[in-house]
1. Measuring from centroid to centroid over Cα atoms, what is the spacing of segment B:19-65 and segment A:50-104 in Å?
2. If amide H atoms are built 1.01 Å from N in the plane of the peptide, which residues on other chains or at least 5 residues away come under 5 Å of the amide H of A:G9?
3. Taking N as the number of residues in segment A:1-59, what value does Rg over Cα atoms divided by 2.2 N^0.38 Å take?
4. What is the calculated FRET efficiency for B:S73 to A:E5, with r their C-beta to C-beta distance and R₀ = 41 Å, to the nearest 0.05?
5. Using the number of other C-beta atoms within 10 angstrom as an exposure proxy, rank B:H10, B:H29 with the fewest first.
6. In a solvent-free Debye calculation with one equal scatterer on each Cα, what is log10 I(q)/I(0) for chain B at q = 0.16, 0.19, 0.23 Å⁻¹, listed in the order of the q values?
7. At a threshold of 8 angstrom on Cα-Cα distance, excluding pairs fewer than six apart, so keeping six or more, what relative contact order does chain A reach in percent?
8. Rg(Cα) of chain A divided by 2.2 N^0.38 Å?
Amino acid sequence: QKEVEQDPGPLSVPEGAIVSLNCTYSNSAFQYFMWYRQYSRKGPELLMYTYSSGNKEDGRFTAQVDKSSKYISLFIRDSQPSDSATYLCAMIPPRGQNFVFGPGTRLSVLP
Amino acid sequence: EPEVTQTPSHQVTQMGQEVILRCVPISNHLYFYWYRQILGQKVEFLVSFYNNEISEKSEIFDDQFSVERPDGSNFTLKIRSTKLEDSAMYFCASNDRGGTDTQYFGPGTRLTVL
């Protein structure tokens, strides 16, 4: 089983839709979870950072963590064409400094 | 807003040649990282660096790789003898508290080995 899994997509939605992006992970010791956005041929850009189960909201973005199910989600409300990118979940292993990234989900928001 | 910068944006080299990828981390950051992303694949950790020494490295970071902080601002990744499979995007990242602190990524250097 891979350490972190994401549906690779591509996921295509119309402008204004609510988008749900998900990651599952196998190591129950992961404590810190991040969502990054990566535009084509660019570096990952931090969107959200959470460390506890529950929801965290920032503008149109909501991150949700369910540690009991080892499942994290990112919701995007009122999606825009500029949200079209690859979304990477990342998490930190116990006592590690390096991030473990999921393979990413490619999102396309159609005008 | 401070950001991580990387040069060059694109490097083309012949197999067997040495390359040095350069990064300027955010100025007050103390922890530095290199990641690699082969086209179409996930971002993979290579190495972390703190207090002028490697603090953690992955299996990918073998003897062909080395890192250095030659001065107070630059952080470099050297590949001694490049192989075709080294072709990838290389991202530098930094943060100021290491560990669980979030990392800020540079725009990447695209390395093409011919």
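1. The distance from the Cα centre of segment B:19-65 to that of segment A:50-104 comes to 23 Å.
2. Counting only residues 5 or more places away or on other chains, the set is A:R106.
3. After normalising by residue count via 2.2 N^0.38 Å, the value is 1.29.
4. 0.60
5. Lowest to highest Cβ neighbour count: B:H10, B:H29.
6. Calculated log10 I(q)/I(0) at the listed q: -0.67, -0.95, -1.40.
7. 37 percent.
8. 1.01
No value in this document is a laboratory result; all are computed from the given coordinates. The structure displayed is predicted, hence computed values, not measured ones. Backbone-built Cβ (ideal geometry, glycine too); neighbour counts: all protein chains shown.
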